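Below you'll find the structure, written out as structure tokens, and then a few comments.
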Amino acid sequence: MMKTKQLLYKVLLGIGSGLLFAALTLAGYFWLPARVRYTITERYRFTAPGEGAHVALGVLLPTSGPYQTVGDALVTWEGAHTRVTTGTLTLLQLTGDVQGDAEAIVRFAVTLPVGRAVWDGPVADFQRAPQPDVESNAKDVMAQATEFAPGDAYAVYDFVAGYLKWPTGARMNVAPSALDALHTRVGGCNEFANLAVALYRANGIPAQTITGLAFLPALPFTSKTREWLHPAGAHAWVEVYADGQWRMADPSWASRIPLHRLYWGRNDGQHLAYGEAAQESVVAEQMRDWALTHGDLLTWMTAPSRFVATASHPETQVVPVVTVQRGWDGRFFNILALWTLSVLGICLIGKRFQRREA
């Protein structure tokens, strides 16, 4: 009888410990406050023909905001460069003459919090009005908005997170229209964000679509490098003015988990905002127009990398290479601390059980 009780105890202890460690891992990674640091290095490698070429490079960079801290960019380039800050974006303008090979390096540090992302701030008129792909004045959007209580921001977010489904096949040249998403019930992160913003504005709630980068999970002090593509993915989410404060919300990522509140008013340490979608598009076009005054277009990317390159000689080539190095990640420290405390607790419980059995 004694051996049976001990065996049962060990089985229950093993199951309970496994469930406990799983719960603590999720809590430490997603819920407890922490900070995650990244260093992003963008390299632009130019190759000019024998006679050389005059090149221009424009690079868009994010700036610090309510749920992120972005350090000043360190620029390594033999030519000239200037910085222009517009709203939430910094535009680097690099020019110079290239003979053979040359490389421009832009490096900046980012710190992202894990936890509450709620802040005070003013409301602009455009955050209440229709925009291209945010058809808050469309009849069907307005009709859907009446299904929510006035000012109930979470209900709109929760509806969109459960309403849209991610596409299963390739989608080419599809406009991220909120109205189309409402009709088709299919969309990527841009459609999730635009539909939420359209419904918010139709309900009288200020909101805006934010575009940026989403960093994939990785171990601390590791790095990933990609040529032409960015190690982080392009992403879009929402900022909404609810209960007298702004808050961050990501309905597309929330759609993949049962607990939608995990992405309501919180950053997960993986979202880096560049800015409001329409304003970023305007700045990107201004960057392109500036670069075209220096030569012919070599390439222009607006997501996930954000740059434009031109040259006076059409045979000039440019290759972008981006490295993301993850530094300190407080989420792993949280997990380790929770595990240590739980092991100590399990050992104490085990010793008490053994004394009682003795």
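Descriptive notes on the structure:
- Subset of the stretch 275-312 (residues that are part of a loop (DSSP other than H, G, I, E, B), among the polar types (S, T, N, Q) and over 16 Å from LEU94 (Cβ atoms)): THR302
- Within the set ALA202, ALA214, ALA175, ALA145, the sole residue that is farther than 30 Å from THR63 by Cβ and either surrounded by fewer than 23 Cβ atoms within 10 Å (Cβ to Cβ) or among the hydroxyl-bearing types (Ser, Thr, Tyr) (or both) turns out to be ALA145.
- Residue, modelled with the lowest pLDDT, within the stretch 1-17, restricted to residues that are part of a helix (DSSP H, G or I), of a type in the set (A, V, I, L, M) and exposed (fewer than 13 other Cβ atoms within 10 Å of the Cβ): MET2
- Flag if ASP243 is farther than 23 Å from THR41 by Cα and surrounded by 20 or more Cβ atoms within 10 Å (Cβ to Cβ): no
- If you go through the stretch 18-39 and pick out every residue that is part of a helix (DSSP H, G or I) and loosely packed, with under 15 Cβ neighbours inside 10 Å, you end up with 6.
- Here ASN267 fulfils each of the conditions (1) farther than 22 Å from ARG331 by Cβ; (2) modelled with pLDDT under 95; (3) in a strand (DSSP E or B) apart from (1).
- Screening the stretch 148-164 for residues that are under 18 Å from GLN245 (Cβ atoms) and touching a helix residue (DSSP H, G or I) at 6+ places or on another chain (Cβ under 9 Å) and picking the one that is surrounded by the fewest Cβ atoms within 10 Å (Cβ to Cβ) gives TYR154.
- Residue among LEU341, LEU298, LEU262 that alone is over 21 Å from ALA109 (Cα atoms) and surrounded by fewer than 15 Cβ atoms within 10 Å (Cβ to Cβ): LEU341
- The C-beta contact set for the stretch 268-295 (first residue in contact (Cβ under 8 Å) with a residue 60 or more places away in the chain and closer than 30 Å to ALA218 by Cα, second residue in a helix (DSSP H, G or I) and of a type in the set (D, E, K, R), distance under 8 angstrom, 6+ apart or interchain) comprises GLY269/ARG331; TYR274/GLU280.
- Each residue in the stretch 301-327 was checked for being within 22 Å of ALA273 (Cβ to Cβ) and out of contact with any Ser or Thr (no Cβ under 9 Å at 6 or more places or on another chain), and 4 pass.
The values are calculated or read from the model by the stated rules, or taken from the named source; none is laboratory data. This structure is a prediction, so every number in the text was calculated from the model and none was measured. Backbone-built Cβ (ideal geometry, glycine too); neighbour counts: all protein chains shown.
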